[in-house]
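J.: Dropping a structure here in structure tokens format, bear with me for questions.
Any read-out appearing in this document is the output of simple, stated calculations on the displayed coordinates, not a laboratory observation. The shown structure was predicted, so the numbers you read here are calculated from the model rather than taken from an experiment. Here the Cβ positions follow ideal geometry from the backbone for every residue, glycine too, while neighbour counts run over all protein chains shown.
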Amino acid sequence: ASVVRAYLQNAMHRGGGITKLYYIGPMFRHEKKQKGRWRQFYQIGAETLGSDHPAADAEMIELALRFLESLGVRTRLLINSVGCAQCRPPYVELLRGELRRIFPDLCEDCRRRAETNSLRVFDCKVASCQPHIQKLPAITDRLCGDCAGHFTSLQRYLDDAAIRYEIAPRLVRGLDYYVRTAFEIVSGELGAQNALAGGGRYDGLSEVLGGPHVSGLGFALGLDRLVMILP
């Protein structure tokens with residue numbers, strides 16, 4: 001969000017075309033810390049603004065993977081599509097109905113999320129919730145034609161680049177400005193909290209911050225976790 005704010009504040013969108021930006025430095029988090037996470041942490045991020053083409057998504061994913069590969073880090077790539085403003089709301093309503101049906105079997109966090117932000121239920125790590133979460137409908141089965149085409153094209157570009165990936169239908173983003181591509185790069189050397197980098201497409205973020213419509217995507221990579229597993 002801070003990169004898009006700077007992009008708008010400095011009127012970079014007025015020049016048209018595609019803008020590619022990156023950042024590296026200290027950040028601070030407010031929420032509960034997980035293993036390998038601290039109140040102050042360090043992060044690398046890269047963003048592409050001005051393109052809604054699936055090739056831009058594939059390029060961003062390849063950038064992150066090649067960087068980690070150059071450090072000798074073994075990774076797995078997980079990808080999904082979270083749909084758009086056309087196909088996601090009907091899916092969320094379906095999901096909310098299913099969650100109400102299994103409400104007594106869910107943990108306290110999932111019960112709260114079921115009503116406030118249903119997609120976040122898929123982020124739950126509580127073991128007793130997992131059998132129920134695995135049975136919930138997948139958004140990939142309910143994408144509109146445009147989103148399904150975008151996701152298929154992304155896979156084709158990854159195949160062309162010889163990038164191996166797994167489709168993870170329960171990989172989601174809880175904020176409304178995220179659309180279509182969502183991805184995570186994970187490592188088996190980090191235990192349950194195994195994400196090294198995460199990213200996706202946020203075509204609605206510029207409007208949230210008061211700017212014009214600008215397509216965007218990017219990723220963030222945690223340096224603290226990366227240092228923990230460097231060979």
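J.: Calculate the dipole size of the chain relative to its Cα centre from +1 charges on Lys and Arg beta carbons and -1 charges on Asp and Glu beta carbons; express the result in debye to the nearest 20.
T.: For the chain, the charge dipole is close to 720 debye.
J.: By how many nm would the segment from residue 71 to residue 20 lengthen if fully extended, with 0.36 nm per residue of separation less the alpha-carbon distance?
T.: Length gained between residue 71 and residue 20: 16.1 nm.
J.: Report which label in (i) 58, 19, 17; (ii) 69, 21, 12; (iii) 27, 23, 19 holds the value of semi-axes √(5λ) of the Cα gyration tensor in Å derived from the coordinates of this structure.
T.: Checked against the structure: label (iii).
J.: Something else about it: Compute the Kirkwood hydrodynamic radius of segment 150-208, taking the inverse of the mean of 1/r over all pairs of distinct Cα atoms, and give it in Å to one decimal.
T.: Kirkwood radius, segment 150-208: 13.1 Å.
J.: By the scheme Lys and Arg +1, Asp and Glu -1, what is the net charge of all other residues having a beta-carbon under 13 Å from that of residue 93?
T.: Local net charge: +2.
J.: Calculate, in nm to one decimal, what residue 161 and residue 85 gain on full extension: separation in residues at 0.36 nm each, minus their alpha carbon distance.
T.: Stretched fully, the residue 161-residue 85 segment lengthens by 24.4 nm.
J.: Please give the net charge around residue 146, taking every other residue with its beta carbon less than 11 angstrom from that of residue 146, where Lys and Arg add +1 and Asp and Glu add -1.
T.: That sum, taken over residues with Cβ under 11 Å, equals 0.
J.: Going Cα to Cα from residue 32, which lysines come in below 22 Å? Please leave out same-chain ones fewer than 8 positions away.
T.: 125
J.: GNM on the chain, C-alpha springs below 10 Å: top fluctuator among 164, 39, 66?
T.: 39
J.: As an exercise, use a Förster radius of 35 Å and the Cβ-Cβ distance of residue 223 and residue 146 to find the FRET efficiency, rounded to the nearest 0.05.
T.: 0.45
J.: How far apart, in nm, are the 7 Å Cα→Cβ label points at residue 63 and residue 96?
T.: Label-label distance for residue 63 and residue 96, simple model: 3.6 nm.
J.: If you average the alpha carbon positions of segment 65-109 and of segment 153-231, how far apart do those two centres end up, in angstrom?
T.: What the calculation gives is 11 Å, centre to centre.
J.: Compute the semi-axes of the equivalent ellipsoid of segment 108-160, taking the square root of 5 times each eigenvalue of the Cα gyration tensor, and list them largest first in whole Å.
T.: Ellipsoid half-lengths, sorted descending, are 29, 13, 9 Å.
J.: Still on this structure, please answer the following. From the helices alone, meaning DSSP H stretches of at least four residues, give me the mean residue ellipticity at 222 nm for the chain, per-run term -39500 (n - 2.57), in deg cm²/dmol to the nearest 500.
T.: -10000 deg cm²/dmol
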